Amino acid sequence: MTTVPQQKDAPADQGTVLLEAHGLSKSYGQVQALRDGHLQVRAGRVTAIIGDNGAGKSTLVGCLAGMHRPDGGTIEVRGEPRTFSGPQAARAAGIETVFQDLALVDTLRVWQNLFLGRELGAGAGPLRWLKRGTMRKEAATMVGALAVNVPSVDARVNGLSGGQRQAVALARAAGWGSDLVILDEPTAALGVQETAKVEEMILGLRQQGLGIVLISHNFDQVLRVADDVFVMRSGRTVARRETEGTTGQELVGLVTGAVIDPHPFGNQTGQS
Ligand SMILES: Nc1ncnc2c1ncn2[C@@H]1O[C@H](COP(=O)(O)OP(=O)(O)OP(=O)(O)O)[C@@H](O)[C@H]1O
Ligand SMILES: [Mg+2]
């Protein structure tokens, strides 16, 4: 299939609601992974999702990424109700996701990973050829735009460090005209310096007006880079905060259940 790189739409105004999800639920057989998931993502802001292991964070974003079909609940993208038949449908709606396992192909080069499933070609059938030179050049632009320290677009991914791999996955997610990028624990496996680089990249995307969803177990990181925080416990979204109005201590309490928010979706941001 021949695909053409999309031109980025003009970025949405800062604060525009890009995505709303309410009452999402999802079971895997007997396991109810998600009971009542909520999220709101705005342009030019980083929205964190926090919660203990198994709280339902990845399942929630899996529903938004078209990986899982929710059993119930609603998803709206820019005010339009949506159901996604698969990841391609979510991508077409401008939602790109970097999953916990990154899904890069180790044996391929950086540029090949960036164009995976979106290879540029010309001609058709047996006469079709790939525009390798164009793809390599485009890849260099995509990586360069994020000021990432990736040795070369010709490097094979299996020779890259954890931070560089994360950078390639992020460049891929950010480079395709998406306006919402979901990152599932992007720095969980990284050292201090690599974490700082990835955080810098996240803030760069935010500066460009994208909406970023950041799943993280690191509350210091959440307070450093996020604007909004949604807290999950046992498959439910139980609280919503702006980082400006909260503390690490309060977030820990909300995650563990030591602090209960009686009005989880009250008017903390004035946008509910
Ligand atoms: N494919 C699956 N089949 C069965 N159960 C699953 C599946 N995926 C997740 N679960 C269960 O659903 C619940 C929520 O899992 P999920 O991966 O969404 O949690 P999480 O908040 O992302 O956790 P973590 O912080 O460890 O990544 C867990 O109890 C998990 O065991
Ligand atoms: Mg997870």
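The values are calculated or read from the model by the stated rules, or taken from the named source; none is laboratory data. Remember, predicted model here, so these are calculated numbers, not experimental data. Quick reminder, even Gly has a Cβ in these numbers, built from the backbone with ideal geometry, and neighbours come from all protein chains shown. Remember, those area values only see protein heavy atoms, side chains included, never the ligands or the DNA or RNA. Shrake-Rupley method; radii C 1.70, N 1.55, O 1.52, S 1.80 Å.
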Expressed in nm to one decimal, what extension gain is obtained for the pair residue 13 and residue 107 from 0.36 nm per residue of sequence separation less their Cα-Cα distance? 29.9 nm
Residue list for the stretch 84-99, given a label point 7 angstrom along the Cα-to-Cβ vector of residue 78 and an amide N cut-off under 16 Å: 89-96
Contour minus end-to-end for residue 188 and residue 152, with contour as 0.36 nm per residue of separation and end-to-end as the Cα-Cα distance? 10.5 nm
Where the accessible area of the chain is counted over protein heavy atoms with a 1.4 Å probe, how much of it, in %, is carbon and sulfur? 49
Compute the Cα gyration tensor for the stretch 75-117, then decide on rounded, prolate or oblate, letting a ≥ b ≥ c be the square roots of its eigenvalues: rounded whenever a/c is under 1.5, prolate when a/b is larger than b/c in the other cases, and oblate in all that remain. prolate
When only C-alpha pairs under 8 Å and at least 6 residues apart count, what is the relative contact order of the stretch 34-126, in percent? 18
How long, wide and thick is the stretch 191-272, going by the Cα atoms along their three principal axes, in whole angstroms, largest first? 37, 28, 23
Rh (Kirkwood, all Cα-Cα pairs) for the chain, Å, reads 19.2
Can you run phi through the Karplus equation (6.51, -1.76, 1.60; θ = phi - 60°) for the stretch 14-23 and list ³J(HN,Hα) in whole Hz, with x for Gly and Pro? 4, x, 4, 6, 8, 8, 10, 10, 9, x
Give me the one-decimal nm value for the distance between modelled label points at residue 203 and residue 53, 7 Å along each residue's Cα-to-Cβ direction. 3.1
Given 0.36 nm per residue, what is the gain on full extension from residue 161 to residue 145 after removing their alpha carbon distance, in nm? 3.8 nm
Between residue 67 and residue 256, what is the label-to-label distance in nm when each label sits 7 Å out along the Cα-to-Cβ direction? 2.9
So for the chain: antiparallel DSSP bridges make up what percent, rounded to the nearest 5? 55
